[in-house]
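Here's the structure we're looking at; comments come further down.
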Amino acid sequence: MMQDKQAGDDMSEFANAMEVFKLLDKSNCRKCNEQTCLAFASKVFLGERHLNEYPALSHEILDQYRDRQKKNRPVENTGIPFWSKKRKR
């Protein structure tokens, strides 16, 4: 039988961008260089940004959620938009 996870249990990654968004102050101040807090949360969820890049988060929140961020591979920038690449058949 499976045990229920408690709120303090570590999970591997955020379930969605809204889960990240709930941690933020929702001020849309742009100090993180994103247009909105939701845009920042989405990028954290996708692994493109890290929570520690958000200036208004406390150290306690950062420590609590450090291991839940997606580990994203670096993307090779070829300078060619993905839609202009020919498909291999």
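Quick look at the numbers
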read-out	value
Note, ³J(HN,Hα) from phi for the range 39-47, Karplus 6.51, -1.76, 1.60, rounded to Hz, x at Gly and Pro	5, 4, 4, 4, 5, 5, 4, 7, x
Point-to-point label distance, Lys31-Asn16, nm (Cα→Cβ direction, 7 Å offset)	2.8 nm
Karplus-derived HN-Hα couplings along the range 13-24 (A = 6.51, B = -1.76, C = 1.60, θ = phi - 60°), whole Hz, x at Gly and Pro	8, 5, 6, 6, 5, 5, 5, 6, 4, 4, 7, 8
Residue among Gln35, Asn52, Gln64 farthest towards the positive dipole end of the range 17-68, charges placed on Cβ	Gln35
Highest to lowest packing among 35-41, 56-62, 17-23, 46-52, scored as the average C-beta count within 10 Å	35-41, 17-23, 46-52, 56-62
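Any read-out appearing in this document is the output of simple, stated calculations on the displayed coordinates, not a laboratory observation. What you see is a predicted model, and the numbers here were worked out from it, not measured in a lab. Note: ideal-geometry Cβ built from the backbone for every residue, glycine included; neighbour counts use all protein chains shown.
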